[in-house]
1. Can you work out which of the residues in the stretch 22-36 that are of a type outside the set (Gly, Ala, Ser) and over 11 Å from ALA178 (Cα atoms) is surrounded by the most Cβ atoms within 10 Å (Cβ to Cβ)?
2. Please determine, by comparing only the residues of the stretch 40-73 that are β-branched (Val, Ile, Thr) and assigned to a strand (DSSP E or B), which one is surrounded by the fewest Cβ atoms within 10 Å (Cβ to Cβ).
3. Please return the ranges of strands (runs of 3 or more DSSP E) entirely within the stretch 76-150 where 1 or more residues are of a type in the set (Ser, Thr, Tyr).
4. Being under 23 Å from SER144 (Cβ atoms) and either modelled with pLDDT of 95 or more or within 15 Å of the chain's Cα centre (by Cα) (or both) is the filter here; which residues of the stretch 21-41 pass it?
5. Which condition from (1) surrounded by fewer than 24 Cβ atoms within 10 Å (Cβ to Cβ); (2) at pLDDT 95 or above; (3) touching a strand residue (DSSP E or B) at 6+ places or on another chain (Cβ under 8 Å) is the one that VAL76 breaks?
Amino acid sequence: MTMPYYASAEQVMRDRSEYARKGISRGRSVAVLTYADGVLFIAENPSSTLHKVSELYDRIGFAAVGRYSEFESLRVAGIRLADVRGYSYNRRDVTGRVIANAYAQTLGAVFTEQMKPYEVELCVAEVGDTPAADQLYRLTFDGSIVDEPQFVVMGGQAEAVTGHLRQHFTPGMGLAQALQVGVRALSAVSPVTAANGGGHEQLPAEQLEVAVLDRRRPKRTFRRVVGAALTGLLTDQPAPADPATAEATHAPSAPAPGTPPGLGDPTAVDTAGGDPAPGQQDDGTPQQ
């Protein structure tokens, strides 16, 4: 007579944790940093359509690593929660903490009740009126939530990237400096730079997904940084004043004086700078 299989609850949870960690570690890293004018998202992502960084609401952004299909469903659910809460009550009632708590409950329930946990790690960022009011929430596969003060690193070799940022990150940096610090940290452990000989080589703009939450904008603060604007920030050179470049970076044609290249007028209403409506991306590769 065969004996029924038995595993203690502690062993089951340990196995699930190990399974989720392995899946997340296979993804490429994402760094979320605060800078003088808001929050900066930097992801190593060669895809131009399967995004790891997105907008959730007016002043709230989202970044994730792990299995794309799983964190994409969480992204869409977060957008719907924010829209329903803002419509039912008030737009000021939609905060990063509310969305982060909802994600924590969902991830915790999946981890404890289902056989397979979500292989994802999330960051919910909210930009405030001042740098002291910026909020970064890191959520792990088991529903744990941590409020990080300055930066968050997820996926891949997160510990190595975090150590690099601890040495070089300075509060109140400008956008270009913060971007260069973050990209150097990701480049130090990237398989792309390792395949090309390693050293001090930096990830090219084509391998990066970059976005910001710019507190200077009155409504939709989320903007993607692409094209010549991204290249200019990485090299600390001004981007060319070209109408095609302005359109590619979702920027108005007449930026205000002192505005970083390609990011447009911070006082103008953003009518084309964010992402389209939720749920318009197709599923893709299993790990991002």
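1. Checking each candidate, the answer is VAL30.
2. Going through the stretch 40-73, the residues β-branched (Val, Ile, Thr) turn out to be 42, 49, 53, 60, 65.
If we keep only those that are assigned to a strand (DSSP E or B) as well, we get 42, 53, 60, 65.
Values: ILE42: 28, VAL53: 24, ILE60: 26, VAL65: 30.
Ranking the qualifying residues of the stretch 40-73, first place goes to VAL53.
3. Of the strands (runs of 3 or more DSSP E) lying wholly inside the stretch 76-150, those with at least 1 residues that are of a type in the set (Ser, Thr, Tyr) span 135-139.
4. Restricting attention to the stretch 21-41, the residues satisfying the condition of being under 23 Å from SER144 (Cβ atoms) are 21-34, 39, 41.
Residues satisfying the conditions are ILE24, GLY27, ARG28, SER29, VAL30, ALA31, VAL32, LEU33, THR34, VAL39, PHE41.
5. Every listed condition holds for VAL76 apart from (3).
Yes/no per residue for (1) buried (at least 17 other Cβ atoms within 10 Å of the Cβ); (2) in contact (Cβ under 8 Å) with a residue 40 or more places away in the chain:
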| position | (1), (2) |
| --- | --- |
| ARG92 | no, no |
| GLY96 | yes, yes |
| ALA100 | yes, yes |
| LEU107 | yes, no |
| PRO117 | yes, yes |
| MET154 | yes, yes |
| GLU159 | no, no |
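The values are calculated or read from the model by the stated rules, or taken from the named source; none is laboratory data. The shown structure was predicted, so the numbers you read here are calculated from the model rather than taken from an experiment. Counting neighbours? That spans all protein chains shown, and the Cβs are built from the backbone with ideal geometry, glycine included.
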